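Just so it is clear, none of the values below were taken in a lab; they were calculated from the coordinates. Only a predicted model underlies this, so the values are computations on that prediction, with no experimental measurement involved. Neighbour counts run over all protein chains shown; Cβ positions are idealised from the backbone, glycine included.
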Amino acid sequence: MNSFNRLAVVISLATLFPLGAYAAAPADSKGTVEVVHWWTSGGEAKAVDVLKKLIEKDGYTWQDSAVAGGGGAAAMTVLKTRAVSGNSPSAAQIKGPDLQEWGALGLLTNLDEVSKANHWDTLLSKTVSDTMKYDGHYVAVPVNIHRVNWLWINPEVFKKAGIDKAPTTLDELYAAGDKLKAAGFIPLAHGGQPWQDSTVFEDLVLSVMGPEGYKKAFVDLDEKTLTGPQLAEVFTHLKKLQGYMDPDGTGQDWNLEAAKVISGKAGMQIMGDWAKSEWAAAGKKAGTDFECVPFPGTKGSFTYNIDSLAMFKLSAKNNTPGNIAAQNDVAKVALEPEFQYVFNQNKGSIPVRSDLDMSKFDSCGQASAKDFADAGKANSQLPSMAHNMATSLAVQGAIFDTVSNFMSDKNADPATAGKKLYSAIKSAQ
Amino acid sequence: MTNMTSGIGASRFTFSRVAIYATLILAAAVYLIPLVVMLLTSFKSPEDIRTGNLLSWPQVIDGIGWIKAWDTVGGYFWNSVKITVPAVLISTFIGAMNGYVLSMWRFRGSQLFFGLLLFGCFLPFQTVLLPASFTIGKLGLANTTTGLVLVHVVYGLAFTTLFFRNYYVSIPDALVKAARLDGAGFFTIFGRILLPMSVPIVMVCLIWQFTQIWNDFLFGVVFASGDAQPITVALNNLVNTSTGAKEYNVDMAAAMIAGLPTLLVYIFAGKYFLRGLTSGAVKG
Amino acid sequence: MSSVAVFSKASPFDALQRWLPKLVLAPSMLIVLVGFYGYIFWTFLLSFTNSSFMPSYKWVGLQQYARLMDNDRWWVASKNLAVFGGMFIVISLVIGVFLAILLDQRIRKEGFIRTIYLYPMALSMIVTGTAWKWLLNPGLGLDKMLRDWGWEGFRFDWLLDQDRVVYCLVIAAVWQASGFVMAMFLAGLRGVDQSIIRAAQVDGASLPTIYLRIVLPSLRPVFFSAFMILAHIAIKSFDLVSAMTAGGPGYSSDLPAMFMYSFTFSRGQMGIGSASAIMMLGAILAILVPYLYSELRNKRHD
């Protein structure tokens, strides 16, 4: 048994030594860029692979650190702990107001050189470029623009239920829902996860209160708007709409719900344009097999959700000219047409630069690009609250809690929901 | 362990015997359902999953789920081995030494230390993520497998020490006292007297630690990245992906692959586990 | 207590021998002081600051605790832990003891059956959660299966019901841990002195009486150990909730570990997250101190 002891010691020591050597970085590339992201699903992974190939073609090494789960919540944990340990990755998928938080911590590097050389200021619309800047400097490169306020329709189901046109107002939406119900379909496919509940909620706010009201509610967090009668109306609509939702949908992933619309069990789904990737994967064509229309009552407005890659200051250990060049290469390549086309066709979103030929995209993509431009003129490009473009994560969390709790509570009162919402937001600030 | 069945009842064929067997078999069936469902599903084609039900037999045995799953998570299998093996051995060894000291060589404060350590068993690991990664960064071990092994050893210590201490406490003092009178030193007593008696508890400790560390997700995702990720992180990336079509057969096959080593350990070493528990680990 | 003192010859070798135990324990002591208590202290400090996205050290007193107390979600999470923890521990103990007693009746193929009961413990909570999420889903799992088999009126939708979802967590957790409890008690039963039982049998006591009155009371330490292990699983149940319900519907199946994680990391409210961690540790302390007290009082090894 003494030999057992010795054996254990020897094995543990022996296994430690190769591990020490293992930590060394590969030395034979021009530079390495490590990217933390949560683009792990089929289409997204394919899209990221394109970026990886382009970077490798330029002679750099791409180190992939994908962390799936919770809409990036797991990746956020990884990023924070790594930042604390002084070992930030070169680039990470960070978006919206979060960029400001990371920037304020002094962790992000500025991309002045790349952005000037490649004329980002002229390529990008102001809404996009403002989001990417911290303190007047670019700290992140945008990769796509998602539109959130879409309604997805299976026209075949609509025909079977005797509905002849897509709803454009909330009343028409309810009328369509009644007909679908009568014909034995699930009117509205909806997975009851907090972010999905809040996606519907923000669409209703936009529909009832218009772009100005939306901004007051979610950007300014204005007390009078949030506790006013219009928000009570929104909550009333939310309760009513809930009556049309899939009873099996609670806690369900959105893509499983999308599958119900695709297979003709359900008639509609309220979801951002990433839903298109599900339709595409099922071999369906936009315009014929499925229709996308702006959420009833929100025509002319565009709630956006922009994904971006933030660039970190490299840690002392990694701060080599080669690695910096690799980082800059990612920033450059991400905006180039080649990547923008493939990535956005896979994701269902539209390119961030306005000079690309949209004829390569399907009708939903083309409509989205046109609406984005029009909304820019009408001052109705709106940051999506549910997708963390409008508020801090703390405030967003407070809204999620209130909205989801309202929906799962059978006796919730729309009249007092606004007050609850406001006090939750206040205490989160 | 000569007498593994201490049973009191007579082993005649009576009504109560039948009832006992029926209950045991029914319970076994309930315990097996999730595993059976996972196995069946992993061999089904996606259409089969959509149309058939949970316990229906696959229409065609389809191995594509397993092939795809191995392609995605298989590469991370060895990472897990590289992390788990040293972490299990080191934490078990240190636990044995600690348990030896805490039971046979008590000194002022050693009981207090044991109390502090026991409380540590209950520490939710989420609280230590940030400070631990700060420390690991300072040690220059950020993002290395060594760092991850270190974290597992540190947070496994509480349980391994507890196991060995409770086991050694039940060993008669006289043995050790006699050895001391013979002039045996600290390590000699450990090596000659205690270690030979420790096989059952070593087994318990190894199995417990292996299960804990192999199945760990939280530390793995935070302290290892990219190509060094353990298999649980790869599994999570596969199963928890929120967009794109769900391939349940692949998910289930991947879950089986990730769980296979621990399952095999329980199946083949399970009886040592029970023996270890029997011989004192649970005498609280 | 310190039997080392018997040897007080002051040769260097003896001095070394006397210091060796302390030297051996020293690294672990350091680790525990830094890695457990240092970090707890740091969390304690943060709970009095306005830390939000990242740690900061601006003192705000008890404000974070006040906000925590005001937070409805925290109370839901705490209540859930009480319900979940209580049911999980009691049901696991009952099933574990029951199966152990049955298995102790000279069962054929005992090893095989034992392995079946024990295997869930080998699986990670993520796998368990995913599998049960699927089994309990009304549209996909057991519910659909029973309806397919002709039980039309069957409806099992606890996973979607905000008042019952916590029972789903209990089902999955009991499935995972009860086999382990069974193993612990089986081990305990094997250690019971047979002569006491024989004597009772001779006196004409029935089997259930013998188990209830004589055998089980003698297994008090096993109950203690099982309780500790189960309590530790209940308090740390994080993977299970996140894989099975992610806290939903709404936040009706949230647990404190989950609450703390999401406020600290996903929501950028590190102050509240730290405050909730300290509250949790306080609760653990309240359960553990009596146990430790008895453990360290009675456990003299002579």
Note to self: What's the ranking of A:258-267, A:349-358 by average number of surrounding C-beta atoms within 10 Å, highest first?
What the structure shows: A:258-267, A:349-358
Next item on the list: Identify, among A:Phe185, A:Asn118, A:Thr168, the residue whose Cα sits farthest towards the positive end of the charge dipole of the range A:108-218, taking +1 on the Cβ of Lys and Arg and -1 on the Cβ of Asp and Glu, with the dipole about the Cα centre.
Entry: A:Phe185
Notebook entry, point to check: What are the lysines whose alpha-carbon lies under 24 Å from the alpha-carbon of A:Lys53, with same-chain residues fewer than 8 places away excluded?
Noted result: A:Lys30, A:Lys95, A:Lys313, A:Lys332, A:Lys347, A:Lys360, B:Lys68
Next item on the list: Enumerate cysteines in the protein assembly as shown without a disulfide-compatible partner, where compatibility requires another Cys Cβ under 4.7 angstrom.
Entry: B:Cys121, B:Cys205, C:Cys168
Notebook entry, point to check: On average, how many beta carbons from a partner chain sit within 10 Å of the beta carbon of a residue in C:35-46?
Noted result: 5
Margin query: Amide H of A:Ser308 versus every other amide H placed in the peptide plane: which residues, excluding those fewer than 5 positions away on the same chain, fall under 5 Å?
Written below: A:Ile94, A:Val143
Margin query: For chain A, set up a GNM with springs between Cα atoms under 10 Å and report which of A:Ala166, A:Ala316, A:Ala92 has the largest fluctuation.
Written below: A:Ala316
Margin query: Cut-off 10 angstrom, C-alpha nodes, Gaussian network model of chain C. Which of C:Ala200, C:Ala286, C:Ala26 fluctuates the most?
Written below: C:Ala26
Next item on the list: Apply 1/(1 + (r/R0)^6) to the Cβ-Cβ distance of C:Met69 and A:Ser263, taking R0 = 35 Å, and write down the FRET efficiency to the nearest 0.05.
Entry: 0.15
Checklist line | Rg/Rg_globular for the range B:15-62, with Rg_globular taken as 2.2 N^0.38 Å and Rg from C-alpha atoms | finding: 1.56
Next item on the list: Using Cα positions and a limit of under 25 Å, work out the lysines in reach of B:Lys177, with same-chain residues fewer than 8 apart set aside.
Entry: B:Lys283, C:Lys9, C:Lys22, C:Lys299
Checklist line | Candidate lysines - alpha carbon under 17 Å from A:Lys260, same-chain residues fewer than 8 apart omitted | finding: A:Lys159, A:Lys160, A:Lys181, A:Lys276, A:Lys284, A:Lys285, B:Lys246, C:Lys144
Checklist line | Sum of -39500 (n - 2.57) over DSSP H runs of 4+, divided by residues of chain B (222 nm, nearest 500) | finding: -22000 deg cm²/dmol
Notebook entry, point to check: From the phi of every residue in the range B:87-99, what ³J(HN,Hα) in whole Hz does the Karplus formula 6.51 cos²θ - 1.76 cosθ + 1.60 yield, where θ is phi - 60° and glycine or proline is x?
Noted result: 5, 5, 5, 5, 5, 5, 4, 5, x, 5, 4, 4, x
Checklist line | Simple Cβ-charge dipole of chain A, Lys/Arg +1 and Asp/Glu -1, about Cα centre, in debye nearest 20 | finding: 400 debye
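Extension gain C:Leu23-C:Trp151, at 0.36 nm per residue separation less the Cα-Cα distance, in nm?
Gain on stretching C:Leu23 to C:Trp151: 39.3 nm.
What net charge is computed for the residues neighbouring C:Thr128, neighbours being all others with C-beta under 15 Å from the C-beta of C:Thr128, Lys and Arg scored +1, Asp and Glu -1? Let's see the in-between values first.
Numbers: positive: C:Lys133, C:Lys236; negative: B:Asp216, B:Asp251, C:Asp239.
Summing Lys and Arg as +1 and Asp and Glu as -1 gives -1.
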Next item on the list: Please get the size of the charge dipole for chain C, origin at its Cα centre, with Cβ charges of +1 on Lys and Arg and -1 on Asp and Glu, quoted in debye to the nearest 20.
Entry: 680 debye
Next item on the list: Rounded, prolate or oblate: pick one for chain B, where a ≥ b ≥ c are the square roots of the eigenvalues of its C-alpha gyration tensor, a/c under 1.5 means rounded, and failing that, prolate if a/b is larger than b/c, else oblate.
Entry: oblate
Checklist line | Nonlocal amide H pairs with A:Tyr134, under 5 Å, H built at 1.01 Å | finding: A:Val139
Notebook entry, point to check: In sequence order, what are the phi-derived ³J(HN,Hα) couplings for the range A:404-420 according to the Karplus relation 6.51 cos²θ - 1.76 cosθ + 1.60 with θ = phi - 60°, rounded to whole Hz, with x for glycine and proline?
Noted result: 5, 5, 4, 6, 7, 8, 5, 9, 5, 9, x, 5, 9, 4, x, 4, 4
Checklist line | Unit charges at the beta carbon, dipole of the protein assembly as shown: most positive-side option, A:Met311, A:Thr391, B:Ile193 | finding: B:Ile193
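Can you give the local net charge around C:Ser252? Use residues other than it whose beta-carbon is closer than 14 angstrom to its beta-carbon, Lys and Arg +1, Asp and Glu -1.
-4
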Next item on the list: For the protein assembly as shown, state what percent of all Cα-Cα pairs lands in each successive 10 Å bin, counting from 0 Å until the bin that includes the largest distance.
Entry: 2, 10, 19, 23, 20, 13, 7, 4, 1, 0, 0
Checklist line | Rough spin-label spacing in nm, given labels placed 7 Å along Cα→Cβ, for C:Ile196 and A:Asn319 | finding: 6.9 nm
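Quick one: if the Förster radius is 22 Å, what FRET efficiency do A:Lys377 and A:Glu212 give, using the C-beta to C-beta distance and rounding to 0.05? Intermediate results must be reported in sequence, preceding the final value.
Details: r = 16 Å, r/R0 = 0.72.
Efficiency for this residue pair is about 0.90.
When ranked by the protection proxy of mean other Cβ atoms within 10 Å per residue, highest first, what sequence do the peptides C:50-58, A:304-312 form?
A:304-312, C:50-58
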Next item on the list: Stick to the Cα atoms of the range C:65-298, pair each with every other, and give me the Kirkwood hydrodynamic radius in Å at one decimal.
Entry: 19.9 Å
Note to self: For a Förster distance of 45 Å, can you work out the FRET efficiency between the beta-carbons of C:Lys58 and A:Thr236, rounded to the nearest 0.05?
What the structure shows: 0.60
Note to self: Give me the percent relative contact order of the range A:373-429, please, defined on Cα pairs under 8 angstrom at least 6 residues apart.
What the structure shows: 33 percent
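For the range B:206-277, what does the alpha-carbon gyration tensor say about shape, rounded, prolate or oblate, given a ≥ b ≥ c as the root eigenvalues, a/c under 1.5 as rounded, and a/b over b/c as prolate? Display every interim value, and only then the final one.
Details: a/c = 3.53, a/b = 1.69, b/c = 2.09.
Here the range B:206-277 falls in the oblate category.
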Note to self: If amide hydrogens are placed 1.01 Å from N in the peptide plane, which non-local residues have theirs closer than 5 Å to the one on A:Thr61?
What the structure shows: A:Lys30, A:Gly31, A:Thr32, A:Val33
Next item on the list: Set Lys and Arg Cβ to +1 and Asp and Glu Cβ to -1, take the dipole of chain B about its Cα centre, and tell me which of B:Ser80, B:Ser103, B:Asn249 lies farthest positive.
Entry: B:Ser103
Notebook entry, point to check: From the backbone phi of the range C:65-76, what are the Karplus-calculated ³J(HN,Hα) couplings (6.51 cos²θ - 1.76 cosθ + 1.60, θ = phi - 60°) in whole Hz, Gly and Pro given as x?
Noted result: 5, 4, 5, 4, 5, 7, 7, 4, 4, 4, 5, 4
Notebook entry, point to check: Based on the inverse mean of 1/r over its pairs of different Cα atoms, what is the Kirkwood hydrodynamic radius of the range C:106-177, in Å?
Noted result: 13.8 Å
Notebook entry, point to check: Net charge near C:Gln64, counting Lys/Arg +1 and Asp/Glu -1 over other residues with Cβ under 14 Å of its Cβ?
Noted result: +2
Item checked: the range A:78-158 shape via C-alpha gyration tensor axes, a/c threshold 1.5 -> oblate
Checklist line | Cα-centre dipole for the protein assembly as shown with unit charges at Cβ (Lys and Arg positive, Asp and Glu negative), debye to 20 | finding: 3620 debye
